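Structure first, commentary second.
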Amino acid sequence: MDMVTLSFKSSILHLMDENVLLAIVTVLLFVLTPAILFFAAYQIRISMLGYTSNEESKWLNVDDAIKDGVVFCIHGEGGTSMSNGEMDGSVFELVEKKDQEADVRAKTLVTRLSQVKNRYDRGSWQNLVLLMSPPQMPTRSNKSHVL
C-alpha cells in the first residue's frame, strides 16, 4: 500500500471536511479563546487594584472630578494628617466651582487620584488571595427549641 504524505494544513482540512461538528467547535475555540483570555486578564488586573468592575467606573468618575478641580479634602475638627501628599482618614467632598468661594470650611484641593486612598485595596497580593479564598461568613446555629 502506498503512503500519501499530507501536510498539516491538508490533514486539518480533510479532518474538518469529514467531521463538520469538529470544524464548528474548532472555529468557535479560536474565536472565543482571545476574548476569554482578555476578560480573565482584565478581571485579574482590577482585582489586583482593589476594584470590582463597577468600582472601576466610579474611580474613573472621581479622576475626572479631580481633573475638573471640584474634589476637596474637608478638614475636620482634629485636622487632617497629610503624609507624602496622601490625605489619611479624611472626608472628601465635591464642591462645584460656583460654590467654592462661599464654602468657608477648611479644605484642601485634591490634585491627584493617588491622594485618595481606596479603603478596599489591601495590596496586589492580598487582593488576589482574598479573591481566590474569600472569608467565610459566620453561621448561626439554628437549633430548634422543643416546647
With all protein chains present, calculate the accessible area of MET48 using a 1.4 Å probe and round the result to the nearest 10 Å². 70 Å²
Sorted by accessible area with a 1.4 angstrom probe, largest first, how do GLU101, GLU96, GLU55, GLU18 fall? GLU101, GLU18, GLU96, GLU55
VAL129 to LEU32: extension gain in nm, 0.36 nm per residue of separation minus the Cα-Cα distance? 32.2 nm
With only Lys, Arg, Asp and Glu charged, each at its Cβ (+1 for the first two, -1 for the last two), find how big the charge dipole of the range 96-140 is about the Cα centre; round to the nearest 20 debye. 160 debye
Heavy-atom accessible area of LEU60 with all protein chains present, probe 1.4 Å, nearest 10 Å²? 100 Å²
Which whole-Hz couplings ³J(HN,Hα) result when phi for each residue of the range 103-109 is put into the Karplus expression 6.51 cos²θ - 1.76 cosθ + 1.60, θ = phi - 60°, listed in order with x for Gly and Pro? 7, 9, 5, 6, 8, 10, 5
Of all the Cα-Cα pairs you can form in the range 8-66, what percent are over 17 Å apart? 61 percent
The aspartates and glutamates whose Cα lies under 14 Å from the Cα of LYS9, excluding any fewer than 8 residues away in the same chain, are ASP17
At 0.36 nm per residue, and after removing the present C-alpha to C-alpha distance, how many nm does the segment from ASP121 to MET16 gain when stretched out fully? 32.9 nm
Tell me which lysines have Cα within less than 16 Å of LYS58's Cα, excluding those fewer than 8 residues away on the same chain? LYS67, LYS117
What list of ³J(HN,Hα) couplings, whole Hz, do you get for the range 18-24 from phi and the Karplus terms 6.51, -1.76, 1.60, once you set θ to phi - 60° and write x for glycine and proline? 6, 10, 5, 4, 4, 5, 5
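The values are calculated or read from the model by the stated rules, or taken from the named source; none is laboratory data. For clarity, every value in this text was computed on a predicted model and none was experimentally measured. All Cβ positions, even for glycine, are placed from backbone atoms using ideal geometry, and neighbour counts span all protein chains on display. Side chains included, ligands, DNA and RNA excluded: accessible areas come from the protein's heavy atoms. Shrake-Rupley method; radii C 1.70, N 1.55, O 1.52, S 1.80 Å.
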